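Report on the following structure.
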Amino acid sequence: MSFNSQHLDTFARDGCAVVENFLSISEVHDLRERIHELLAEFEPTEHPTVTFPTSPNSQVISDQYFFDSSIKASYFLEQHAVHEGKLTVDPSKAVNKIGHGIHIVEPLFKELTHSDR
């Protein structure tokens, strides 16, 4: 299904819209595979241990790493995954988000983000 005026109306009213079957099963599989590869390649010592709080009362960290993430794939960690600057869990379980510019630097994400659908 493609994006249509009903989706636009829903988005205007609710701030979001669900587009059923926007991605094929194959595309979802490929995106998930790439994320698994990125997590396997993740080297915690090469990234600051920036956590990404998700509770309603928490504040988003507004340091340079967060701002720079807009143009590259940056790794943000679960709050419980870091203690005194060290990971306390496996890196694949520590990552909360890979953002925010993943659609700029990762070809698969870029292709889907900039498709004509």
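Quick grid of which residues meet (1) of a type in the set (F, W, Y); (2) open to solvent by 30 Å² or more (accessible area, probe 1.4 Å):
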{"residue": "F66", "(1), (2)": "yes, yes"}
{"residue": "S70", "(1), (2)": "no, yes"}
{"residue": "L77", "(1), (2)": "no, no"}
{"residue": "A81", "(1), (2)": "no, no"}
{"residue": "S92", "(1), (2)": "no, yes"}
{"residue": "I104", "(1), (2)": "no, yes"}
{"residue": "K110", "(1), (2)": "no, yes"}
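Residues that are on the phi < 0 side of the Ramachandran plot and either under 14 Å from the mean Cα position of the chain (by Cα) or outside any helix (DSSP H, G or I) (or both) within the stretch 11-27 comprise C16, A17, V18, V19, E20, F22, L23, S24, listed in sequence order. Flag set for Y75, criterion: under 14 Å from the mean Cα position of the chain (by Cα) and at pLDDT 75 or above. Here F52 meets each of (1) touching a Phe, Trp or Tyr at 6+ places or on another chain (Cβ under 7 Å); (2) at pLDDT below 85; (3) open to solvent by 50 Å² or more (accessible area, probe 1.4 Å) with one exception, condition (3). If you go through the stretch 64-92 and keep only what is touching a strand residue (DSSP E or B) at 6+ places or on another chain (Cβ under 9 Å), among the charged types (D, E, K, R) and outside any loop (DSSP other than H, G, I, E, B), you end up with just D68.
Restricting A17, A12 to those that are surrounded by 11 or more Cβ atoms within 10 Å (Cβ to Cβ) and without any contact (Cβ under 8 Å) to a residue 24 or more places away in the chain reduces the list to A17.
The values are calculated or read from the model by the stated rules, or taken from the named source; none is laboratory data. Small disclaimer: the values here were computed from a predicted structure and weren't measured. Backbone-built Cβ (ideal geometry, glycine too); neighbour counts: all protein chains shown. Surface areas here come from the heavy atoms of the whole protein model, side chains and all, with no ligands, DNA or RNA. Shrake-Rupley method; radii C 1.70, N 1.55, O 1.52, S 1.80 Å.
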